[in-house]
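Visitor: To start, I am sharing the structure in question, which I have written as structure tokens.
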Amino acid sequence: MKRSHTLHLVTTYIILIAYFTFLLLPILWVTYSSFKDASVINSSMIWPGFKHLTVMNYIRTISLADFPRVILNTLIIALGTTVLTVTIATLAAYSASRIQFLSKASLLTVVSSQMYPYVLVMIPFYMIMMRLGLVDKYIGIILTHTVIALPFSLWMLKGYFDRVPKNLDEAAYIDGCGHIKVLTRIILPISAPGLAVVAFFAFMVSWGDYLFVSILSQSKATTTLTILLQTFMVGRRIQWEILSTATVICIVPTIILFSIAQKWLVEGLMAGAVKE
Amino acid sequence: MGLSATRSRILLVVPSLIFVGVLILYPILDGFRLSLTDTSLMMPSVSFVGLRNFISLLHDDIFWLSLGHSSLLTAAAVILQYLLGLGLAIALNQRVPGIGFFRSLAMVTWVIPIAATVVLFKWMATPDYGFFNILLTKLGLASYTRYWFGSITWAMPMIILMHVWRNVPFYAIALLAAMKSIPKELYEAAEVDGAGSLQRFWFITLPAIRYTSVIMIVLHVIFTFNNFDFVYLSTGGGPVRATEVLPTYVYQQSWMYYALGYSASIGVIMMFLLIIFTIASLYYIEGRERS
């Protein structure tokens, strides 16, 4: 018994280490590369020695003329998308959760919108935004990202709201609370993890989007980080020390937010998929 | 309360419904409309052409090539993701010290932006000083080093690898959640009856995770088939269209040739194929769950 227990432990760890080497190596390698100085980044030495490790790449990347602007753009668009998505998804999910016929309709909308080829809806989006004069404007990109993030957000939040017993809000109505009050005082506090997951999800959708920004952004006024990464990647001679640094800067916020939302993330992602 | 409560709830939802309705349904309906026109960014006039775009598609070799690549990419990525995800789920389901750490770390590949993932893999696979080639050289396999993303043979496997890398943890975590909801008594009873661990896996675990498995597979077939970023940012569909997939072809038709009507018709076909696949899968799982 004892021997088979040890064997089980060792096998499990070997398998886990194999998996996590595969999963973490690319991230660690790019992070490590971002600290190598330009003279050794293009070399086949795996360990060039301490004297070649530097933070100069970060200073150089941040002082690139467009960089602060790009970070600011990405942040404004991602935060705008987060606020708008959470607000609309909350209102819609509350109604969908409490009104029978909306429940079915919302499921249908969500399922079908998950099948959208984004390259197809991108065309009408572009045409609408052009007509409204919102091409190359924050608000045009924020609205687009919100639409992309909304269906799944709605689905997740509805899953959370469905779990709040209906007699709780009915009791509150009897005590004279309005709907907004029921929502903000009773349902939202209970569903706080759901809100956190939706906020995280919306932020990720916007922060990581390349496709829609590539069409809707046409100048430095709205360029985001993913676009910048792409322009670094197609250069004639790729400056890997700058590219890997910019990539780390692009990844770090997502990992920080992930470590905060991680506890509820899986539950939230599966909330809509769990069978009643 | 009754009616008035319902009415004010409807009032509450009106703004969000309008937004959801107009902004979610409008683009897709407009996409369908466009597919029946010859809309082009090059010409101001637009006319209705019926199904002409779809007929042209039948004779478009690159459309068929892209459809083939898209199907291959989707099938290969989803099968590998499922098998590797299942393996990781089983590993994460073992009770060993520190397992919580592995569980909480797993999803990290899923949250980082796809554009960043592409940089990670292009950097690992860069011709001269990429990690893959350095490693092969150190192992004495220098003759196997190559420009991975620039190779007609290897570009597609690299794209599949990126899809697998990103999504395996999501499968694992979802399947793990399904496995944890299986009552322990089932396993204990089976053990008493003399079932080995393989039999227990086959007869208890697999049926219990079937529903989650189908949902995950459907979600990822949709995601992979529709995904534009991985291919466009890593190879742009090349070399010589070796990795051209439907999303990159649509993008090319739209923004390089400005043939919006024609590219919309390709998008409509993509959506149509996905709807058929999804309905068939849901029909299958509903049937299995009922029996």
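Readers should treat all values here as calculations from the given coordinates under stated rules, not as data from a laboratory. Not measured: the values here are computed from a predicted model. Cβ atoms come from the backbone with ideal geometry, glycine included; neighbour counts cover every protein chain shown.
Visitor: At a Förster distance of 41 Å, what's the computed FRET efficiency of B:SER71 paired with B:TYR144, Cβ-Cβ distance as r, to 0.05?
Guide: 0.90
Visitor: Just checking the output field for A:210-217: average partner chain Cβ neighbours within 10 Å of each residue's Cβ?
Guide: Other-chain Cβ atoms within 10 Å of each residue's Cβ, averaged: 3.
Visitor: Between exposed chymotrypsin sites (Phe, Trp or Tyr not before Pro) in chain B, where DSSP calls loop and at most 15 other Cβ atoms lie within 10 Å, what's the longest gap?
Guide: B:1-146
Visitor: Just name one of B:LEU80, B:PHE102, B:GLN253: the one whose Cα is farthest towards the positive end of the charge dipole of chain B (beta-carbon charges, Lys/Arg +1, Asp/Glu -1).
Guide: Sorting the options by dipole projection puts first B:PHE102.
Visitor: Further question: What ³J(HN,Hα) values, in whole Hz, does the Karplus curve 6.51 cos²θ - 1.76 cosθ + 1.60 give for the range B:61-69 when θ = phi - 60°, with x put for Gly and Pro?
Guide: 4, 5, 4, 5, 4, 5, 4, x, 4
Visitor: With only Lys, Arg, Asp and Glu charged, each at its Cβ (+1 for the first two, -1 for the last two), find how big the charge dipole of the protein assembly as shown is about the Cα centre; round to the nearest 20 debye.
Guide: Approximately 700 debye in magnitude.
Visitor: From the backbone phi of the range A:131-146, what are the Karplus-calculated ³J(HN,Hα) couplings (6.51 cos²θ - 1.76 cosθ + 1.60, θ = phi - 60°) in whole Hz, Gly and Pro given as x?
Guide: Karplus values, whole Hz, x for Gly and Pro: 5, 7, x, 9, 5, 6, 10, 3, 4, x, 6, 4, 4, 5, 4, 4.
Visitor: Roughly how far apart, in whole Å, are the Cα centres of the range B:260-291 and the range A:127-200?
Guide: The range B:260-291 and the range A:127-200 have Cα centres spaced 28 Å from each other.
Visitor: What do you get for the angle between helix A:2-34 and the principal long axis of chain A? Use alpha-carbon atoms, 0 to 90 degrees, nearest ten.
Guide: So the inclination is approximately 70 degrees.
Visitor: In whole percent, what relative contact order does chain A give with Cα contacts below 8 Å and a gap of six or more residues?
Guide: Reported relative contact order: 30 percent.
Visitor: Please name whichever of A:GLY235, A:GLY80, A:MET127 sits farthest to the positive end of the charge dipole of the range A:65-271, dipole taken about the Cα centre and charges placed at Cβ: Lys and Arg +1, Asp and Glu -1.
Guide: A:MET127
Visitor: From Cα pairs below 8 angstrom and at least 6 apart in sequence, can you work out the relative contact order of chain B, rounded to a whole percent?
Guide: Once normalised by length, the contact order is 29 percent.
Visitor: Okay, next question. Using the Cβ atoms and a cut-off under 10 Å, what net charge is assigned to the surroundings of B:ILE114, where Lys and Arg are +1 and Asp and Glu are -1?
Guide: Once positives and negatives cancel, what remains is -1.
Visitor: Each residue of the range B:132-139 in order: what ³J(HN,Hα) in whole Hz does its phi give by Karplus 6.51 cos²θ - 1.76 cosθ + 1.60, θ = phi - 60°, with x for Gly and Pro?
Guide: My calculation for the range B:132-139 gives 4, 5, 4, 4, 4, 4, 4, 7 Hz in order.
Visitor: Using unit Cβ charges (K, R positive; D, E negative) and no other charged atoms, how large, in debye to the nearest 20, is the dipole of the range A:122-260 about its Cα centre?
Guide: Computed charge dipole of the range A:122-260: roughly 300 debye.
Visitor: Over 22 Å between Cα atoms, which of A:LYS158/B:LYS184; A:LYS137/A:LYS158; A:LYS158/A:LYS181; A:LYS36/A:LYS220; A:LYS137/A:LYS220 qualify?
Guide: A:LYS158/B:LYS184; A:LYS137/A:LYS158; A:LYS36/A:LYS220
Visitor: Answer with one residue from A:ILE215, B:SER47, A:ALA261: the one whose Cα lies farthest towards the positive end of the charge dipole of the protein assembly as shown, charges on Cβ with Lys, Arg +1 and Asp, Glu -1.
Guide: Value computed over the given set: A:ALA261.
Visitor: Nearest 20 debye, what's the magnitude of the dipole of chain B about its Cα centre given +1 on Lys and Arg Cβ and -1 on Asp and Glu Cβ?
Guide: 500 debye
Visitor: Before rounding to the nearest 500, sum -39500 (n - 2.57) across all DSSP H runs of length at least 4 in the protein assembly as shown and divide by the residue total; then give [θ] at 222 nm in deg cm²/dmol.
Guide: Here the helix-only value at 222 nm equals -23500 deg cm²/dmol.
Visitor: In addition: Please build a GNM for chain A, connecting alpha carbons under 10 Å apart, and tell me which residue among A:SER34, A:SER113, A:SER153 fluctuates the most.
Guide: A:SER113
Visitor: Reachable aspartates and glutamates from B:LYS122, Cα under 16 Å, same-chain residues fewer than 8 places away excluded?
Guide: The reachable aspartates and glutamates, counting only those whose Cα sits under 16 Å from B:LYS122, are A:GLU241, B:ASP229.
Visitor: If you don't mind, there's one more thing I want to ask. Taking every residue in A:9-21, how many Cβ atoms of other protein chains lie within 10 Å of its Cβ, on average?
Guide: The shielding value for this peptide is 5.
Visitor: In straight Cα distance, which aspartates and glutamates are under 17 Å from A:LYS166, not counting same-chain residues fewer than 8 positions off?
Guide: Excluding near neighbours in sequence, the set is A:ASP175, A:GLU276.
Visitor: Would you mind checking which residues have amide H under 5 Å from B:THR37's amide H? H placed 1.01 Å from N; only 5 or more apart, or other chain.
Guide: So B:THR37 has HN proximity to B:VAL49.
Visitor: If Lys and Arg each add +1 and Asp and Glu each add -1, what is the summed charge of the other residues whose beta carbon sits under 12 Å from the beta carbon of B:THR39?
Guide: Its environment carries a net charge of -1.
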